[in-house]
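Engineer: Pasting a structure below so you can have a look.
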Amino acid sequence: MTRSGGDFQHRPLKRLFTANQCWTSFLDAGGLRDIGVEAVTKMLACGTRILGVKEYNCDKPDCPHVRYVTNSCGSRACPSCGKKATDLWIATQLNRLPDCDWVHLVFTLPDTLWPVFESNRWLLNDVCRLAVENLLYAARKRGQEPGIFCAIHTYGRRLNWHPHVHVSVTCGGLNKHGQ
């Protein structure tokens, strides 16, 4: 019987977390949100036997080949699974959105307010809603209904807590006649 597959370990981020017991030390220090611990735990288990293994056999009765494939975690925080989910989401949105010019805007909060939003994350939805409402108000004053989509980001490029909203808006919009 020929075996192939097993744990797929080409995951640089996973190695970063596990090198020198970094993640364990970080966990022991405490202060992490349960959702963050769960996301990293899933990412670390991704592609290992911990999440289970599927066995694939050849349809030919005399064929000795067997392939084992480890299950993935499906977490947004996982570089592999999250990337696939993001790519699929983008492809879906591109098929739904109008083919026109768009402008990208970023709405930020003063850093003095960051701790308030870190302790009350549900407020981030209101930041997104307010950004959209303000854009709609300005466009409707001009008799237009723009296309808008937005995403809340909670961390900045330096991986620091930095809540902000990314908004994409159509350059122009439909008038009351649908044109």
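The values are calculated or read from the model by the stated rules, or taken from the named source; none is laboratory data. All figures in this text were calculated on a predicted structure; none of them were measured in a lab. Virtual Cβ from ideal backbone geometry, glycine too; neighbours counted across all protein chains shown.
Engineer: In this structure, does residue 46 turn out to be surrounded by 15 or more Cβ atoms within 10 Å (Cβ to Cβ) and of a type in the set (A, V, I, L, M, F, W, C)? I'd like the intermediate steps shown before the answer.
Structural biologist: Numbers: surrounded by 15 or more Cβ atoms within 10 Å (Cβ to Cβ): yes; of a type in the set (A, V, I, L, M, F, W, C): yes.
So residue 46 fits the description; yes.
Residue by residue, here is whether (1) in the same structural domain as residue 14 (by TED's automatic domain parsing); (2) surrounded by 15 or more Cβ atoms within 10 Å (Cβ to Cβ); (3) out of contact with any Pro (no Cβ under 9 Å at 6 or more places or on another chain) holds:
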| residue | (1), (2), (3) |
| --- | --- |
| 80 | no, yes, yes |
| 90 | no, no, yes |
| 121 | no, no, no |
| 131 | no, yes, yes |
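Engineer: Of 13, 51, which residue is surrounded by 11 or more Cβ atoms within 10 Å (Cβ to Cβ), at pLDDT below 85 and closer than 22 Å to residue 83 by Cα? First the steps, then the outcome.
Structural biologist: Details: 51 fails: at pLDDT below 85.
Going through 13, 51 in turn, the sole match is 13.
Engineer: Then there is this: Identify all residues within segment 134-179 that are modelled with pLDDT of 90 or more, out of contact with any strand residue (DSSP E or B) (no Cβ under 8 Å at 6 or more places or on another chain) and either closer than 28 Å to residue 121 by Cβ or among the aliphatic types (A, V, I, L, M) (or both); write none if there are none.
Structural biologist: Within segment 134-179, 134, 137, 138 meet the criteria.
Residues checked against (1) closer than 30 Å to residue 134 by Cβ; (2) among the small types (Gly, Ala, Ser); (3) in a loop (DSSP other than H, G, I, E, B):
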site	(1), (2), (3)
26	no, no, no
38	no, no, no
44	no, no, no
73	no, no, yes
76	yes, no, yes
84	no, no, no
92	yes, no, no
100	yes, no, yes
107	yes, no, no
